[in-house]
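The values are calculated or read from the model by the stated rules, or taken from the named source; none is laboratory data. All figures in this text were calculated on a predicted structure; none of them were measured in a lab. Cβ atoms come from the backbone with ideal geometry, glycine included; neighbour counts cover every protein chain shown. Only protein heavy atoms, including side chains, enter the accessible area calculation; ligands, DNA and RNA are left aside. Shrake-Rupley method; radii C 1.70, N 1.55, O 1.52, S 1.80 Å.
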Amino acid sequence: MTTTVAHVHDETDAPYALSHLDALESEAVHIFREVAGEFEKPVILFSGGKDSIVMLHLALKAFAPAPVPFTLLHVDTGHNFPEVLEYRDRTVAEHGLRLHVASVQEYIDAGKLRERPDGTRNPLQTVPLTEAIQSLKFDAVFGGGRRDEEKARAKERVFSLRDEFSQWDPRRQRPELWQLYNGRHAPGEHVRVFPLSNWTELDVWQYIAREGIELPEIYFAHEREVFLRNGMWLTAGEWGGPKESETPETRLIRYRTVGDMSCTGAVDSDAATLDAVIAEIAVSRLTERGATRADDKMSEAAMEDRKREGYF
Amino acid sequence: MTSTTDQVAHLADLAATTLLRFATAGSVDDGKSTLVGRLLHDSKSVLTDQMEAVEAVSAQRGQDAPDLALLTDGLRAEREQGITIDVAYRYFATARRRFILADTPGHVQYTRNMVTGASTADLAVVLVDARNGVIEQTRRHAAVAALLRVPHVVLAVNKMDLVGYQESVFAAIAEEFTAYASDLGVPEITAIPISALAGDNVVDASANMDWYGGPTVLEHLETVPVSHDLTACPARFPVQYVIRPQSAEHPDYRGYAGQIASGVLRVGEAVTVLPSGRTSVIEGIDALGESVDIAWAPQSVTLRLKDDIDISRGDLIAPSANAPATTQDVEATVCHVADQPLAVGARVLIKHTTRTVKAIVKEIPSRLTLDDLSQHPNPGQLVANDIGRVVVRTAEPLALDAYADSRRTGSFLLIDPADGTTLAAGMAGESFASKADTTVQADEEGWDF
C-alpha cells in the first residue's frame with residue numbers, strides 16, 4: 001500500500017508559482033491596502049533604516065500611481081547618524097510626504113525624561129512615540145519589525161492591538177486567521193501593523209537588491225572611528241562615547257541595523273556593494289540584533305518588556 | 001506590456017526559491033519542540049548568538065544539555081512554565097525553499113491556536129509518539145487539519161529510537177492514521193518515521209531505519225508543491241481599495257486594488273462585480289508598477305475595467321462565466337476562539353474578504369466532538385475552543401464560496417461589535433471533505449513511499 005494518496009506531486013507544477021520575494025511583497029502590499037481601507041489616520045514609522053525604507057517602497061508600490069495615503073513619523077533619539085537624517089529628509093522631499101518628528105531630546109530638555117546613566121536613548125523612545133500617537137490621534141502605526149529579529153517579536157501579530165497606554169499584552173492577542181486582519185479598536189486604542197512580519201533580514205536585502213532601492217551609506221563598508229564597549233564597535237560622537245578608558249580606532253566597518261548611535265554596533269566588513277552585503281549575511285553566524293544591538297542584551301526578556309510598555 | 005511567456009520564463013528561474021508555510025501540531029510530550037529545534041538546528045538555521053543564549057540559560061537552570069525548546073519559547077511566561085502558550089512564527093531557508101513555520105502549542109485548550117496556525121498553512125506536521133501510537137489528541141490534530149483543508153499532512157512518528165526502530169510499529173501507526181485522515185478527506189498524507197532527539201530522518205536520512213526509503217521531513221518540505229490549489233480555482237478578486245490619483249499626470253485613472261484570492265485573471269476577460277451584479281471587461285492589470293496581461297493568486301495587483309461602474313471596498317470581482325452566488329444565509333463550521341461564548345441570537349459582525357457586515361446567529365445546530373467526530377445537537381452556545389455548525393443571517397449579501405473550494409473566499413471571522421474581539425473562525429459549507437476518490441491501492445504489498 002501507499003501512504004501518499006490522491007495527488008502525485010511534481011515540483012514543476014508551477015508556471016503559477018510565485019518566488020518567495022514576490023509572495024512576501026504581495027502579502028505586504030495587501031496589508032498596506034487593508035489599513036488604507038479600514039483606518040482613519042495611519043502613520044508609517046520611518047527612521048531611515050533599511051526596514052522602514054523597504055516599508056516605504058512597498059507603500060509607494062501599493063498605491064501607485066496615486067501617492068502614499070499615509071504620513072511618516074520619526075522618533076528622533078537625538079543620537080542619529082547624520083547620513084541617515086540626510087537620507088530621511090531627502091526621501092520625504094522626493095516623494096512629497098509629510099514627516100512628523102517626536103524628539104527624545106525635547107523630552108529631556110523639558111524634564112519629562114531623564115538621561116540614563118549608560119547614555120543609551122533607545123528605551124527612552126517609548127514615551128515620545130506613544131504620546132505622539134495619542135496627541136496626533138493615529139489609529140494605525142506601521143512598524144518595520146520582523147518576527148525573525150527576536151524571540152518576543154516572533155510572537156507578534158501582523159495587526160497588534162494596543163490599549164490607550166499603547167501596551168502590548170502577548171497573552172491577550174487576537175488570533176490571526178487566514179489573511180483576515182481584525183483592526184477594530186476603541187477610541188484611544190490603536191493598532192500596530194507589521195507588514196514585514198514574515199520577512200527575514202536576507203529577504204529584506206534581496207528585495208533591496210532586486211528593486212534597486214537606495215540606502216544610507218552607513219550600510220556599506222567604510223572607514224570610521226569606533227571604539228569597543230561591551231563587545232560592540234560603537235561610533236564616537238557627541239552622545240557620550242568614548243569614555244577615558246575606551247580608545248577610538250579607525251576600522252573598516254558597516255552597519256547591519258540603524259538606530260540610536262549609543263547602542264547600535266558596527267560590524268567589521270569589507271562589503272561595499274549590495275551583492276557583497278548579501279553574500280556576507282548569507283554566511284553570517286550571528287543574528288542581526290545579536291551582532292549590533294546592545295540594548296537587547298540587557299536581559300533575556302528585554303524586548304518583550306519594552307514592547308509591553310509600548311515600544312515598537 | 002510584458003508577454004505571458006516572458007513572465008512564465010522569469011518565474012521558472014525563481015521557482016527554486018518558493019515559500020512554504022507549514023504548521024506543527026503535537027501533544028505536550030510528543031517532542032514537538034525538539035523536532036522544531038532539530039529542524040532549525042540541523043538545517044543550520046540557528047545562529048551562534050541564539051545558541052549561546054540557549055546554552056547559557058540551560059546551564060543556569062542546571063540542565064545537562066542545551067534545551068532546544070528554548071529556541072522557540074519566546075515569552076517570559078512560556079520560559080517560566082516550560083510550555084508553549086501561543087503560536088510563534090519561525091523562519092528558515094534551504095537552497096531550495098524558504099519556510100515559514102507556525103509553531104503551535106499542543107495543549108487541548110489551545111485548539112484555537114492550531115486553527116490559527118493551520119489557517120495559512122500549506123502543510124501540517126502531526127507528531128505522534130511511537131510508543132503511544134494514534135491517541136485522541138492525534139485524531140484531534142488530524143481533524144483540525146482536515147477542517148481547515150490543509151492540502152498536505154505529514155505524520156511524523158517520533159521517538160522511533162525508543163521502539164527499536166521497528167518497521168512494524170511505524171507501519172501500524174501509519175496505517176491507522178492514514179485510514180482515519182483519509183476518511184476526513186485529507187487529500188495527501190505522508191508518514192515518516194523519525195527520532196527528533198537522535199536526528200533520524202529529520203534533516204538527514206537515518207542509518208537506523210534502512211527499511212524506510214522515503215524522504216526525510218526536510219526533503220519532503222522542500223519538494224511538496226505549493227499554491228496549486230489557489231490557481232486551479234475560479235478567479236476571485238476582493239476589492240480592497242480604489243486608487244484614484246486625480247493628478248495632472250493621471251486625471252482619469254481608476255484602479256481597483258486587491259490581492260487575487262484564487263485563480264487567474266486575464267486582460268480582456270468579462271467580469272461581474274458582486275453583490276451589484278454589474279458587468280465589465282478587464283482593460284488592464286497593473287502588477288505593482290508593471291503592466292501585465294495575466295495575473296494569478298496570490299498576487300497583489302490593480303485592475304482597470306472598461307466601464308466606469310460603481311465599485312468600492314468589499315465588492316468582489318469574478319469572471320462572469322464563473323461568478324459565485326450571493327447569499328444572506330451562511331451555513332458554516334466555526335471554531336470559537338474567544339473567551340466570551342457565542343450564543344444563538346448573538347448580534348455579531350462578519351468579516352469576509354474585504355467586506356464587514358452585521359449579522360445575527362440564527363442557529364447553532366451542533367457542536368463537534370473532535371475526539372470521535374460525534375455531533376452534539378443544539379448546544380445553545382459555543383465556548384472557547386469549541387467547533388460547531390452555525391447558521392448566520394447577514395444584513396447584506398455576501399459573495400461566499402464554499403471553504404472546500406477556496407480557503408480565502410470561503411473563510412470569515414465573527415467579531416464582537418461591542419469590543420472588536422475576534423469570536424470565531426468560520427468556514428462556509430460542509431465541515432469535512434468526502435473521502436478522496438483516488439483511494440489507497442490496498443492490493444499492493446509492503447510500503448511504497
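So is A:Arg162 under 30 Å from A:Leu136 (Cα atoms), open to solvent by 30 Å² or more (accessible area, probe 1.4 Å) and within 14 Å of chain B (Cβ to nearest Cβ) or not? Walk me through how you get there before you give the answer.
On the way: under 30 Å from A:Leu136 (Cα atoms): yes; open to solvent by 30 Å² or more (accessible area, probe 1.4 Å): no; within 14 Å of chain B (Cβ to nearest Cβ): yes.
Here the answer is no, as A:Arg162 does not meet what is asked.
Among the residues of segment B:314-327, is any within 13 Å of chain A (Cβ to nearest Cβ), touching a residue at least 12 places away in the same chain (Cβ under 8 Å), on the phi < 0 side of the Ramachandran plot and outside any loop (DSSP other than H, G, I, E, B)?
First pass over segment B:314-327, keeping only residues within 13 Å of chain A (Cβ to nearest Cβ): B:314-315.
After this cut, where a residue has to be touching a residue at least 12 places away in the same chain (Cβ under 8 Å) as well, the list is B:314-315.
Applying the additional criterion that residues be on the phi < 0 side of the Ramachandran plot yields B:315.
Subsequent filtering for residues that are outside any loop (DSSP other than H, G, I, E, B) retains none.
So far as segment B:314-327 goes, no, none of its residues is within 13 Å of chain A (Cβ to nearest Cβ), touching a residue at least 12 places away in the same chain (Cβ under 8 Å), on the phi < 0 side of the Ramachandran plot and outside any loop (DSSP other than H, G, I, E, B).
Can you pull out the strands (runs of 3 or more DSSP E) entirely within segment B:342-441 that have at least 1 residues that are buried (at least 20 other Cβ atoms within 10 Å of the Cβ)?
Values: elements: B:347-352, B:355-369, B:374-377, B:387-399, B:411-415, B:422-428.
Qualifying strands (runs of 3 or more DSSP E): B:347-352, B:355-369, B:387-399, B:411-415, B:422-428.
Assess whether A:Leu97 counts as being of a type in the set (A, V, I, L, M), in a strand (DSSP E or B) and either farther than 24 Å from A:Gly265 by Cα or within 14 Å of chain B (Cβ to nearest Cβ) (or both).
Spelling it out, it is not the case that A:Leu97 is of a type in the set (A, V, I, L, M), in a strand (DSSP E or B) and either farther than 24 Å from A:Gly265 by Cα or within 14 Å of chain B (Cβ to nearest Cβ) (or both).
Scan B:Val334, B:Val301 and give me the residue that is under 30 Å from B:Gly388 (Cβ atoms) and assigned to a strand (DSSP E or B).
Working: B:Val301 fails: under 30 Å from B:Gly388 (Cβ atoms).
Being under 30 Å from B:Gly388 (Cβ atoms) and assigned to a strand (DSSP E or B) holds for just one of B:Val334, B:Val301, which is B:Val334.
Please identify the pairs in which a residue from segment A:159-179 that is on the phi > 0 side of the Ramachandran plot has its Cβ atom under 8 Å from the Cβ atom of a residue that is assigned to a loop (DSSP other than H, G, I, E, B), counting only partners at least 6 apart or on another chain.
That search, which allows pairs on different chains as well, returns A:Ser166/A:Gly310; A:Trp178/B:Thr120; A:Trp178/B:Arg407; A:Trp178/B:Arg408.
Could you identify the single residue in B:Val150, B:Val144 that is farther than 27 Å from B:Trp211 by Cα, open to solvent by less than 10 Å² (accessible area, probe 1.4 Å), outside any helix (DSSP H, G or I) and touching a residue at least 12 places away in the same chain (Cβ under 8 Å)? Even if it seems obvious, please write down each step before you answer.
Working: B:Val144 fails: outside any helix (DSSP H, G or I).
Answer to the selection: B:Val150.
Looking only at segment A:32-57, count how many residues are more than 7 Å from chain B (Cβ to nearest Cβ), assigned to a helix (DSSP H, G or I) and either touching a Gly at 6+ places or on another chain (Cβ under 9 Å) or surrounded by fewer than 24 Cβ atoms within 10 Å (Cβ to Cβ) (or both).
10
Tell me whether segment A:210-221 contains one or more residues that are more than 23 Å from the chain's Cα centre (by Cα), surrounded by fewer than 22 Cβ atoms within 10 Å (Cβ to Cβ) and aromatic (Phe, Trp, Tyr).
Taking segment A:210-221 and keeping what is more than 23 Å from the chain's Cα centre (by Cα), we get none.
Checking segment A:210-221: not a single residue is more than 23 Å from the chain's Cα centre (by Cα), surrounded by fewer than 22 Cβ atoms within 10 Å (Cβ to Cβ) and aromatic (Phe, Trp, Tyr).
Say whether the condition of being in contact with a Pro (Cβ under 8 Å, 6 or more places away or on another chain) and without any contact (Cβ under 8 Å) to a residue 60 or more places away in the chain is met by at least one residue in segment A:238-256. Spell out the reasoning first.
First, pick out the residues of segment A:238-256 that are in contact with a Pro (Cβ under 8 Å, 6 or more places away or on another chain): A:242, A:248.
Narrowing further to those that are without any contact (Cβ under 8 Å) to a residue 60 or more places away in the chain: A:242, A:248.
Within segment A:238-256 (the criterion being in contact with a Pro (Cβ under 8 Å, 6 or more places away or on another chain) and without any contact (Cβ under 8 Å) to a residue 60 or more places away in the chain), the answer is yes, since at least one residue qualifies.
Kindly indicate whether any position in segment B:242-256 is outside any strand (DSSP E or B), out of contact with any Cys (no Cβ under 7 Å at 6 or more places or on another chain), facing another protein chain (nearest Cβ under 8 Å) and among the acidic types (Asp, Glu).
Among the residues of segment B:242-256, at least one is outside any strand (DSSP E or B), out of contact with any Cys (no Cβ under 7 Å at 6 or more places or on another chain), facing another protein chain (nearest Cβ under 8 Å) and among the acidic types (Asp, Glu), which makes the answer yes.
Given the conditions (1) touching a strand residue (DSSP E or B) at 6+ places or on another chain (Cβ under 8 Å); (2) more than 12 Å from chain A (Cβ to nearest Cβ), and given that B:Val163 satisfies all but one, which numbered condition is not satisfied?
(1)
Of all residues in segment B:174-205 being under 20 Å from B:His41 (Cβ atoms) and open to solvent by 20 Å² or more (accessible area, probe 1.4 Å), which is nearest to the chain's Cα centre (by Cα)?
Applying the filter and picking the extreme gives B:Val203.
Any chance you could count how many residues in segment B:291-320 are of a type in the set (Asp, Glu) and within 16 Å of B:Gln259 (Cβ to Cβ)? I'd like the intermediate steps shown before the answer.
In the first step, residues of segment B:291-320 are kept if they are of a type in the set (Asp, Glu); the result is B:293, B:307-308, B:310, B:315.
The next check asks that each one be within 16 Å of B:Gln259 (Cβ to Cβ); those that pass are B:315.
Residues flagged as of a type in the set (Asp, Glu) and within 16 Å of B:Gln259 (Cβ to Cβ) within segment B:291-320 amount to 1.
Can you say whether B:Ala56 is surrounded by fewer than 18 Cβ atoms within 10 Å (Cβ to Cβ), assigned to a helix (DSSP H, G or I), within 13 Å of chain A (Cβ to nearest Cβ) and at pLDDT 70 or above, as far as the supplied structure shows? Let's see the steps before the verdict.
Working: surrounded by fewer than 18 Cβ atoms within 10 Å (Cβ to Cβ): yes; assigned to a helix (DSSP H, G or I): yes; within 13 Å of chain A (Cβ to nearest Cβ): yes; at pLDDT 70 or above: yes.
Considered against the rule, which asks whether it is surrounded by fewer than 18 Cβ atoms within 10 Å (Cβ to Cβ), assigned to a helix (DSSP H, G or I), within 13 Å of chain A (Cβ to nearest Cβ) and at pLDDT 70 or above, B:Ala56 comes out as yes.
Taking A:Ile218 as meeting all but one of (1) aliphatic (A, V, I, L, M); (2) part of a loop (DSSP other than H, G, I, E, B); (3) touching a helix residue (DSSP H, G or I) at 6+ places or on another chain (Cβ under 9 Å), write down the number of the exception.
(2) is the only condition that A:Ile218 fails.
From the list A:Glu244, A:Glu223, A:Glu211, which residue is farther than 14 Å from A:Val84 by Cβ and in contact with a strand residue (DSSP E or B) (Cβ under 6 Å, 6 or more places away or on another chain)? Steps first, answer last, please.
Working: A:Glu244 fails: in contact with a strand residue (DSSP E or B) (Cβ under 6 Å, 6 or more places away or on another chain); A:Glu211 fails: in contact with a strand residue (DSSP E or B) (Cβ under 6 Å, 6 or more places away or on another chain).
After applying the criteria, what remains is A:Glu223.
Could you look through segment B:88-105, keep only residues that are more than 8 Å from every other protein chain (Cβ to nearest Cβ) and buried (at least 22 other Cβ atoms within 10 Å of the Cβ), and pick out the one that is modelled with the lowest pLDDT?
For segment B:88-105, the residue satisfying everything is B:Pro105.
Pull out all pairs, ordered by first then second residue, where Cβ-Cβ is under 6 Å, the residues are six or more apart or on different chains, the first lies in segment B:348-363 and is closer than 25 Å to B:Tyr241 by Cβ and within 14 Å of chain A (Cβ to nearest Cβ), and the second is outside any strand (DSSP E or B) and open to solvent by 40 Å² or more (accessible area, probe 1.4 Å).
The qualifying pairs are B:Leu349/B:Pro417; B:Thr354/B:Arg313.
Going through segment A:170-200 one residue at a time, which ones are part of a loop (DSSP other than H, G, I, E, B) and either among the hydroxyl-bearing types (Ser, Thr, Tyr) or within 20 Å of the chain's Cα centre (by Cα) (or both)? Before the answer, list the steps.
Initial filter on segment A:170-200 (part of a loop (DSSP other than H, G, I, E, B)): A:173-176, A:178-179, A:181-189, A:194-200.
Across segment A:170-200, the qualifying residues are A:Tyr181, A:Phe194, A:Pro195, A:Leu196, A:Ser197, A:Asn198, A:Trp199, A:Thr200.
Looking only at residues that are more than 30 Å from the chain's Cα centre (by Cα) and polar (S, T, N, Q) in segment B:278-301, which one is most open to solvent (accessible area, probe 1.4 Å)? Outline the logic, then answer.
Taking segment B:278-301 and keeping what is more than 30 Å from the chain's Cα centre (by Cα), we get B:278-284, B:291.
When the remaining residues are screened for being polar (S, T, N, Q), the result is B:279-280, B:291.
Numbers: B:Thr279: 85, B:Ser280: 7, B:Ser291: 46 Å².
Once the filter is applied, the top-ranked residue is B:Thr279.
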